[in-house]
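Here the structure is laid out as structure tokens; the discussion comes afterwards.
The values are calculated or read from the model by the stated rules, or taken from the named source; none is laboratory data. What you see is a predicted model; the values in this text were computed from it and never measured. With ideal geometry, Cβ positions are generated from the backbone for all residues, glycine too; neighbour counts draw on all protein chains shown. Heads up: the accessible areas ignore ligands, DNA and RNA and are worked out on the full protein's heavy atoms, side chains in. Shrake-Rupley method; radii C 1.70, N 1.55, O 1.52, S 1.80 Å.
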Amino acid sequence: MSFRGFLANLTLQIFKPMKNLFAVFFFTLFSISAFSKDGYELWLDYPRIESSALKTEVETLFSGIYFFGQEPTQEVIRKELQIAGNKMLGKDPVFTQERLDRTRLWLGTREELAQVLGLETQMKIRNLGPEGYWRGSIDFQGKSYYAIIGNQPVGILYGVFDWLKSIQTETFDPKSEKSDAPKVKLRMLNHWDNLDRTVERGYAGFSIWDWHKLPGYIDPRYIDYARANASLGINAVSLTNVNANARILTTDFMKKAKVLADLFRPYGIKVFLTARFSAPMEIGGLKTADPLDPDVIAFWKKKTEEMYSFIPDFGGFLVKANSEGQPGPHEYGRNHAEGANMLADALAPYGGIVIWRAFVYSHEIDEDRHKQANLEFEPLDGKFRDNVIIQVKNGAIDFMPREPFHPLFGAVKNTNLGMEFQITQEYLGQATQLVYLAPMWEETLRSKTYRPTPSSMVAGIIDGSDSGQKLTLMAGVSNIGTDRNWTGHLFGQANWYAFGRQAWNPYLNSEEIAQEWIKMTFGQNPEVLSKTKEIMLESREAAVNYMNPLGLHHIMGRSHHYGPAPWVEGGRADWTSLYYHRADSLGIGFDRTATGSNALGQYAHEISQVWSDPNQIPEKHLLWFHHLPWDFELKSGNTLWEGIGLHYDQGVKTAREMKSQWDSLQGQIDPERFSHVSQLLAIQVQEAEWWRNACLLYFQTFAKRPFPTEIEQPQGDLEYFKSLDFPFAPGIRPRW
Ligand code: BDP
């Protein structure tokens, strides 16, 4: 009998006379409080330490924490240690500032350490910047202590979280030292949250920002959110949707945003807001939003001044302009630099920045959507102010399951470029599918750009090591909502976690990140670790296979983007599927070589030369860049048509394996989380089959060839698949 079963039984025995009602009540109480694992705690659950050696070690350190400083961040550290101590050891840590003889663990800034102890030992951390930390043992007056030191309090906070992680993952070694600092300056979540609490492309309930009850009511979730972010080193959040509502810039909403900024500050997190370019007209009573108009300039200056009166460390504005119907400088014959610089000038006196998105394209321009961002931004190279950074999606189309890296990376020399990844799984199974995204981000970050230097790669543009830029940024579109487990699918948490880790250090390996997350989420059981890791690591390739193999892209349902719909046509061409797959009786794929749109010409010569040849391009990008005959021979010797079938089928098979792997862990994972994931994996298998069947039956109408015999023959009726409609799918883009 499981422990919970035993408890239920015991409760029933004790309360037999009171009959079922009380028993159920007490059982529920027990389950909810002590034993329920609903995912709310994220990776910060701090389970009891099992290994006795580690326990003794940690207990000793927790029994005498010499605590410097009274700053709010230090208060946050103290609280975190209290939570962790109680959960891991069952008791409060002992903080001391007087009893040197009882001290075991020192927490302080380098300066404090020098002042109080007269120690200048930790010189190494000097160069680690405001957010870096060092942890290890120090000797003082013949005694050895463990110390966690930062140049600033936030560095100590990061060091403490890292130390707690080492305990949770049972890798803590008091004898070895570690220092670390983030490689990217702004590590940021972009919430696509609307003021009415709906979340564009959000699959985890509503927005956690309760604008209506702010500024008066502080939801405790805000603090847990900040803790989770700080534990990863995420230091910036943009609270509102890029499809912005100007109202967020009114005084009433600034007061609300101020409450969040005040709460997040001790956690090292800065608040940004999205600025709607037409705000001067919507809330400023002006007739124009022309960025060169003196009244418009004055409006933004005044707004910015007001913003800083509420939030003195306000981060700045995130802007989506002239894209998908959003207003922008083009309406007034101005370019993106003129628009961005006007805002940048308003922010500069306060140290604020403008994050201007490169996700711009228009169906009115007769040009491959893939090329449009480069066409707009390359000519503006060097024209943006220093406090502007251009936020570029990982690929040139739109967060597809697999995209080649965006050709803007490496194409400009004097413009700050930041990365935008999508954590929310808009095109990767939304919240019904387990898809671990870190391998996808790793693939992009490690892509060689060959520019500005022959050895450059995307990560080196982002962190400034190849590009030389000082202002660096990695942003992730949040997958967080009001669902009890925050991300809808429990494994969505792994994507939030991995994003934070990769933003801190874009060179981290996604397998190691998965391993950390699993241990912190499910504990140390080796079987759980190895099977879960395998599931996670194969999940993204599985999704690519059953959704968009061999470079296919943008063949999902219209508007809600849920499920397969390679037949979408009509309306804006660049929002249809036919625009992208171009299947016909001869073949399939988008010719982006010199004979087609020549989007390939936007990449470095080393790339365009190789990728222009269908026999040399990595097959994963084949149909992204080439329109090829159905009988084109793949490296495996199969024809293209056969290869497509095999990939789709492989995707389904992997999804089934993932499900059976997980199910074999029954009894080793708490029942709530086990069943949550198991049910969702069952849906994932069905959705994978649906993708395979719908896409293969549809493409067969062009290919007119039998399916390869070795695959499970697609079932179902194409007309039925086409008739499916999902008007209530979550996250649909609101129309206003
Ligand atoms: C697309 C989403 C849309 C967003 C847009 C963006 O479908 O909802 O507004 O990206 O990034 O992928 O602005």
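Details
- Alpha-carbon centroid distance for the pair the range 168-225 / the range 245-315, whole angstrom: 21
- Each peptide in 168-175, 486-493, 381-388 gets a packing score, the mean of other Cβ atoms within 10 Å over its residues, and the list from highest to lowest is 486-493, 381-388, 168-175.
- Between Asp224 and Phe140, the FRET efficiency from the beta-carbon distance, with R0 = 35 Å, is close to 0.45.
- Remark: the Ser455-Asp366 segment gains 28.6 nm on full extension, using 0.36 nm per residue and subtracting the alpha carbon distance.
- Helix-derived mean residue ellipticity, 222 nm - over the chain, DSSP H n ≥ 4, -39500 (n - 2.57), to 500: -12000 deg cm²/dmol
- The range 59-83 versus the range 643-701: alpha-carbon centroid distance in Å: 45
- Once all protein chains are placed together, Asp293 keeps about 40 Å² accessible to a 1.4 angstrom probe.
- Accessible area (Å², 1.4 Å probe, nearest 10) - Trp575: 90
- Solvent-accessible surface (1.4 Å probe) assigned to Tyr427 amounts to roughly 20 Å².
- The distance between label points at Glu111 and Lys213 comes to 3.9 nm (points 7 Å beyond Cα on the Cα→Cβ vector).
- Model label sites at Glu534 and Leu292, defined 7 Å from Cα along the beta-carbon direction, differ in position by 6.4 nm.
- A prolate overall shape is assigned to the range 292-425, the ratio a/c of its alpha-carbon gyration tensor axes (a ≥ b ≥ c) being 1.5 or greater and a/b exceeding b/c.
- Accessible-area order (highest first, 1.4 angstrom probe) of the listed residues Thr521, Thr595: Thr595, Thr521
- Taking amide hydrogens as placed 1.01 Å from N in the peptide plane, the amide H of Phe421 sits under 5 Å from those of Ala475, Gly476, Val477, each at least 5 positions away in sequence or on another chain.
- The chain: relative contact order as a whole-number percent, Cα under 8 Å and 6+ apart: 11
- Near Asp290: Cβ cut-off under 13 Å, other residues only, Lys/Arg at +1 and Asp/Glu at -1. The net charge is -2.
- Neighbour net charge for Arg451 - beta-carbon separation under 10 angstrom, K R +1, D E -1: 0
- Inter-centroid distance (Cα atoms) of the range 459-522 relative to the range 530-600, Å: 25
- Accessible area of the range 271-318 belonging to carbon and sulfur atoms, whole % at 1.4 Å probe: 56
- Cα gyration tensor category, rounded, prolate or oblate, for the chain with a/c compared to 1.5: oblate
- Taking amide H as placed 1.01 Å from N in the peptide plane, Met556 has its amide H under 5 Å from the amide H of Ala565, each at least 5 places away in sequence or on another chain.
- Local electrostatic count, Met419, Cβ distance below 11 Å [Lys/Arg +1, Asp/Glu -1]: 0
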